[in-house]
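Below: the structure, in C-alpha cells.
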Amino acid sequence: MDSFIVPSYDWSTTQNWMTMKLLPTLNRTFTLCFLTWVATFAQGASAGYPEKPIRIVVPAAAGGAADTVARIIGTALSQRLGQPVVIDNKPGASGAIGLDAVAKAAPDGYTLGANNVTNFSMAPHVVKTIPYSTATDFSPIAMNATSAYLLGVPASLPVKSVPELAAYAKRSTGAVFFGSSGNGSSLHIVMELIRSSANIPATHVPYKSSPAAEMDLIGGQIQMMVDNFSSMAPNVRSGKVRALAVTSAKRSPLLPDVPTVGEMGMKAAEAESWTGIVGPAKMPAEIVQKLNTEINHVLADPKVKKQLLDVGTDAKTMSVAEFAGFIKAQDAKWSAVIKQSNITAD
C-alpha cells in the first residue's frame with residue numbers, strides 16, 4: 001500500500017498575508033478600543049470630580065491681596081463643589097516657588113494655583129532662574145478679579161495733577177525719586193510705564209516692601225510712587241497721600257474724584273493688577289471647563305462681588321479661551337515695557 005504523502009505548503013505566504021492585511025486591521029481595532037476606553041475613563045473621572053479636597057497654591061504670603069482674593073473665592077467655591085478648598089501659601093522667588101509646585105503637580109484638578117500679573121506676566125521677564133514656562137506648563141482655568149494702581153505723591157508736594165508733577169520734576173534743582181517694593185516688582189514696572197508716558201525725570205529707589213516705600217512717600221523722602229489701590233487708598237482718604245491718577249480705564253467708585261491716566265492723556269499707561277486660577281498642563285478639558293463654570297458662578301454672586309470690592313478689587317469673569325488669550329496679551333504687553341525700560345530684578 002502506497003504511503004500517504006502530505007503535500008507541502010509554504011506557510012510564509014500566509015504569514016506575509018497576515019502581516020500585510022490582518023495585523024493592521026487588528027492594530028486599528030485595538031487602538032480604537034483603547035482610545036474609547038481612555039475617553040470613557042476620563043469622562044467618568046470628570047463626572048465625579050471633585051471627590052476630595054482641592055488645594056489652591058497661593059505663591060504669596062498669607063494676609064496679602066492675592067491671599068485675600070483666593071480665600072474669598074475658595075470659600076464660595078467649596079460651597080458650590082461640596083468639597084473643601086484649601087489655601088496653601090508658598091511665597092518666595094517672585095512667586096516661582098508656589099507656581100513650580102503647581103506645574104509639577106498631577107494634572108487631575110486637585111492642585112491649582114493663583115496666578116497674577118506679577119508672577120505670570122512680569123517675573124518671567126526679569127527673573128532669570130524661573131524653572132517653568134508660563135506658556136506651556138500650565139492650564140489656564142479662570143480669571144478672578146482686577147484691581148487698579150494709584151499714583152500718589154506726598155500731601156505736602158505742591159502738585160495736583162500728572163502734568164504738574166512732570167513740570168515739578170523737570171524744574172527741580174535736586175533729584176526727584178520714586179519708590180517701589182523692589183527692583184523688577186510690579187510697582188517698579190508700572191511706575192516706569194507711567195514715568196515714560198508722562199516724561200517724568202525721576203530716579204528709582206527700591207524698598208523691601210510697599211508699606212516701607214509708602215511710609216517714606218508720606219514723609220517726603222520720595223516724591224512719587226505707584227501702589228496697589230487697596231494699599232494706598234487708606235492713606236489717600238486720611239489725607240497723608242494725594243492721589244494724582246488711577247491706572248484703570250474707568251474711575252473707581254471708591255475714589256471717584258481721582259482721574260484716570262487716560263483722562264490725563266496717558267491711555268498707554270493704563271494698567272491693572274489681576275489674579276486668576278491655573279492648573280498643571282494637560283488637565284482634562286472637562287475638569288477645566290467645570291472649574292471655569294463654577295468659578296464664574298461664584299464671581300457672579302453679589303455677596304462675593306461685595307467682598308472683593310471691599311478689598312479694592314473687581315470681580316471679572318472670562319471663558320477658558322478668553323483667559324488664555326488674556327494671559328498671552330499681558331505677557332506681550334509687559335515684556336515690551338520691561339525691555340524698553342531695561343528693568344531687571346538685580
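What follows is calculated from the coordinates using simple rules that are stated; it is not laboratory data. Bear in mind the structure is a predicted one, so any value in this text is a computation, not a measurement. As a convention, Cβ positions derive from the backbone with ideal geometry for all residues, glycine included, and neighbour counts pool all protein chains shown.
For the chain, what is the calculated [θ] at 222 nm in deg cm²/dmol (nearest 500), taking -39500 (n - 2.57) for each run of four or more DSSP H residues and dividing by its residue count?
Working: 12 runs with 150 residues, N = 346.
When only DSSP H runs of four or more count, the value is -13500 deg cm²/dmol.
For the chain, the longest principal axis of the Cα atoms and the long axis of helix 210-219 meet at an angle of about 10 degrees.
From the Cα gyration tensor of region 148-269, with a ≥ b ≥ c the square roots of its eigenvalues, which class applies: rounded if a/c is under 1.5, or else prolate if a/b is larger than b/c, or else oblate? Let's see the in-between values first.
On the way: a/c = 1.26, a/b = 1.10, b/c = 1.14.
Because its axes are fairly even, with a/c under 1.5, region 148-269 counts as rounded.
Annotation: lysines with alpha-carbon distance below 23 angstrom to residue 160 (same-chain offsets under eight excluded): 170, 240, 250, 267. Coupling constants for region 290-297 follow from the phi torsions by the Karplus curve (6.51 cos²θ - 1.76 cosθ + 1.60, θ = phi - 60°), and in residue order they are 5, 5, 4, 4, 5, 5, 5, 5 Hz; glycine and proline get x. Counting only residues at least eight positions apart within a chain, or on another chain, the aspartates and glutamates with an alpha carbon under 13 Å from that of residue 90 are 67, 100. With respect to the chain, whose longest principal axis is taken over its alpha-carbon atoms, helix 162-171 is tilted by about 60°. Which listed residue (315, 156, 228) has the Cα farthest towards the positive end of the charge dipole for the chain, taking +1 on Lys and Arg C-beta and -1 on Asp and Glu C-beta about the Cα centre? Going by the Cα projections, it comes out as 156.
Run the numbers on region 57-192 and let me know its relative contact order in percent, using alpha-carbon pairs under 8 Å that are six or more apart. Each step should come with its number before you reach the end.
Working: 108 pairs, mean separation 28.7, N = 136.
Relative contact order here is 21 percent.
Near residue 55, the amide H atoms lying under 5 Å from its own belong to 86, 111, 112; only residues 5 or more places off or on other chains count, and H is placed 1.01 Å from N.
Recomputing P(r) over Cα pairs in 20 Å bins from 0, in percent from the coordinates shown identifies the correct label among (1) 27, 46, 15, 7, 4, 1, 0; (2) 32, 56, 12, 0; (3) 31, 60, 8 as (1).
What is the distance in Å between the Cα centres of region 113-144 and region 56-90? What the calculation gives is 18 Å, centre to centre. Subtracting the Cα-Cα distance of residue 341 and residue 215 from 0.36 nm times their residue separation leaves 42.8 nm of extension gain. Cross-link partners for residue 303 among the lysines, with Cα-Cα distance under 20 Å and sequence neighbours closer than 8 places in the same chain left out: 316. Per residue, the average separation of C-alpha pairs within less than 8 Å and at least 6 apart gives the chain a relative contact order of 24 percent.
Antiparallel beta bridges, as assigned by DSSP with both residues in the chain, represent about 60 percent of the total such bridges.
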